[in-house]
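Single-structure report; data block below.
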């Protein structure tokens with residue numbers, strides 16, 4: 001694969017692309033939760049112009065409270081501060097928790113409120129339509145990934161989840177801001193003025209930052225991944241906690257494996273959503289017959305989402321490449337044509353394999369009748 005492929009990842013027909021591509025960027029993968037929060041909050045404290053924070057979960061706990069305090073302080077410095085969170089994912093974050101931000105002049109928005117009286121004056125959307133993106137824009141620095149703002153992902157004790165965050169610098173930060181603005185518009189109907197792109201780094205790399213929002217027919221991230229898989233030849237390593245792939249992704253993985261590509265999937269064996277794990281196991285047979293190797297992660301709970309292709313392309317973000325996310329969620333992904341970033345992802349992948357068990361075809365065939373019935377039934381429900 002070459003950098004020339006990046007601008008051709010999408011050919012929009014209809015809505016404009018949410019996000020974009022650029023050269024001259026720097027990326028850093030962060031797997032330690034405490035380090036991810038430290039760097040993010042440091043970026044907020046250093047910001048002088050803009051701090052936009054979006055998360056599916058924001059808990060008012062020992063991780064979330066410092067985030068809210070940092071946002072309020074940034075607003076007092078005169079920064080344009082916006083906090084956007086999903087109401088279903090953050091039921092414990094109340095008005096009193098967000099009050100310091102509002103009192104300092106910042107803005108707080110909830111995505112698709114659940115209760116009827118919370119929906120007054122808003123566009124009505126299905127309760128299944130959720131904001132699954134995790135984005136931070138702090139001036140010329142951006143962060144995204146799978147990590148929510150909660151002690152489950154960092155803090156004083158051991159984290160409940162293993163996850164990843166990508167720190168971004170360069171022109172791609174504006175593309176990330178574009179995805180954030182798309183979420184804000186979907187939540188509020190109001191537009192945000194996008195910042196100018198930061199200057200490129202001479203030694204930087206090509207990056208695409210793309211969004212997915214099926215309700216608005218914004219499928220750029222899905223299309224880009226699909227096209228990249230068509231150019232993959234040597235290896236495809238997938239890390240995803242909720243492995244219920246859409247048909248196109250399932251077909252692509254099987255086709256690659258049949259062609260001799262090294263295809264491996266690492267998913268959650270111990271899951272915070274046991275029904276999703278059980279439903280996903282229904283699909284193992286076809287993948288194993290095609291030659292895909294499947295591993296189930298034990299502890300801590302796997303929550304990271306990334307793909308690497310041919311040791312050249314690294315993809316990370318909030319998107320599980322799953323049926324539910326594709327049909328209902330707002331998602332974001334970073335696609336880098338960078339062997340160094342891809343190598344970081346691959347090192348993490350193979351390190352986590354030491355905490356996983358490989359599922360063989362013979363073991364899968366020995367499932368009990370009750371297990372087969374549960375897997376089939378829950379898979380049918382997952383297609384809603």
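Worth a mention:
- The helices (runs of 4 or more DSSP H) found wholly in the range 307-381 and carrying at least 1 residues that are surrounded by 21 or more Cβ atoms within 10 Å (Cβ to Cβ) and in contact (Cβ under 8 Å) with a residue 60 or more places away in the chain occupy 323-328, 339-353.
- The set of residues in the range 182-201 that are out of contact with any helix residue (DSSP H, G or I) (no Cβ under 9 Å at 6 or more places or on another chain) and crowded, with 20+ Cβ neighbours inside 10 Å comprises 183, 184, 187.
- Exclusive hit being closer than 25 Å to residue 131 by Cα and free of Cβ contacts under 8 Å to residues at least 24 places away in the same chain, set 214, 190, 224: 190
- Failed condition for residue 266, given (1) in contact with a helix residue (DSSP H, G or I) (Cβ under 9 Å, 6 or more places away or on another chain); (2) surrounded by fewer than 17 Cβ atoms within 10 Å (Cβ to Cβ); (3) at pLDDT 95 or above: (2)
- Residue pairs whose Cβ atoms lie under 8 Å apart, sitting 6 or more positions apart in sequence or on different chains, and linking a residue in the range 228-242 that is without any contact (Cβ under 8 Å) to a residue 60 or more places away in the chain and on the phi < 0 side of the Ramachandran plot to a partner that is surrounded by fewer than 23 Cβ atoms within 10 Å (Cβ to Cβ) and not in a loop (DSSP other than H, G, I, E, B), are 230/252.
The values are calculated or read from the model by the stated rules, or taken from the named source; none is laboratory data. Please read these numbers as outputs of a predicted model, since none were measured by experiment. Don't worry about glycine lacking a Cβ; one is built from the backbone with ideal geometry, like all the others, and counts go over all protein chains shown.
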